[in-house]
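Here it is: the structure, laid out below.
The values are calculated or read from the model by the stated rules, or taken from the named source; none is laboratory data. Note that the structure is a prediction, hence the values are computed from the model and not measured. For neighbour counting, all protein chains shown are included, and Cβ atoms are generated from backbone atoms with ideal geometry for every residue, glycine included.
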Amino acid sequence: MTAKRNPAASLRRTAFAWGAGSFAFTLAVAGGIGLQAQGIASHNTRAPVTYDAGSIELQDRQNRVALSGGVTVTQAGLTVRSQRMLVNFTDTGSLDIQRITATGGVTVTRGNERASGDVAIYDFNRRVITMAGNVRLRRGTDTLNGGRLTIDLRSGISSVDGRASGGANPGGSNSGRVTGTFSVPQDNDDDQ
């Protein structure tokens, strides 16, 4: 028996791939520790997006796609990994992704830059990305740790605070504080 191809499902899968790639790119670029301008400009957001998961479930009635089992989304050298990813969309003639939620050991890497946390949510309507729970940003030897990272794409303002999600972070390693280290460039003239 030959399965019929469902054009709507194919379109949803394509929309998911584009949305997940956009999520990965935006989180890594905006959440990085002072990413260099040339690095941001050089990322190809139109590059193909690949994804891999233990299972993918299209939930048509709920307008969502659920991926689970070690999800990996990659686009042009940028990789997002999590245990689960849920993509919410609306279908009113064209597909619009509303929200992407990645949970379970979320990591975003690009070159020597890495952001990690327990949960990452990209709210497409508000254009806000939030990463919460044991947030750690790394670039080379520079580090930034906190409970929550919020990136407002409209204003261009990113902030890190010690709270995991609106309250104190009990038992968290950062004790409700933002911590980190950064390297100071060495000047050869300081040897005198």
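Output yes when any residue across region 79-86 is surrounded by 13 or more Cβ atoms within 10 Å (Cβ to Cβ), modelled with pLDDT under 90 and of a type outside the set (A, V, I, L, M, F, W, C), and no when none is.
Going through region 79-86, the residues surrounded by 13 or more Cβ atoms within 10 Å (Cβ to Cβ) turn out to be 79-86.
Subset that is modelled with pLDDT under 90: 79-80.
This time we only want the ones that are of a type outside the set (A, V, I, L, M, F, W, C), so: 79.
Yes - at least one qualifying residue is present in region 79-86.
Return yes or no: is G105 more than 23 Å from P48 (Cα to Cα) and among the small types (G, A, S)? Step through it out loud before you land on a result.
Working: more than 23 Å from P48 (Cα to Cα): yes; among the small types (G, A, S): yes.
So G105 fits the description; yes.
Quick one: count up the residues across region 85-117 that are over 27 Å from L137 (Cα atoms) and touching a helix residue (DSSP H, G or I) at 6+ places or on another chain (Cβ under 7 Å). Steps first, please.
From region 85-117, those over 27 Å from L137 (Cα atoms) are 89-96; that's our starting set.
From what is left, the residues that are touching a helix residue (DSSP H, G or I) at 6+ places or on another chain (Cβ under 7 Å) are 89, 95.
Residues that pass the stated criteria total 2.
Listed here are the residues, each with its yes/no results for (1) surrounded by fewer than 18 Cβ atoms within 10 Å (Cβ to Cβ); (2) more than 11 Å from the chain's Cα centre (by Cα); (3) in contact (Cβ under 8 Å) with a residue 60 or more places away in the chain; (4) under 20 Å from L78 (Cβ atoms).
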| residue | (1), (2), (3), (4) |
| --- | --- |
| E113 | no, yes, yes, yes |
| N125 | yes, yes, no, no |
| V135 | no, yes, no, yes |
| I151 | no, no, yes, yes |
| I157 | yes, yes, no, no |
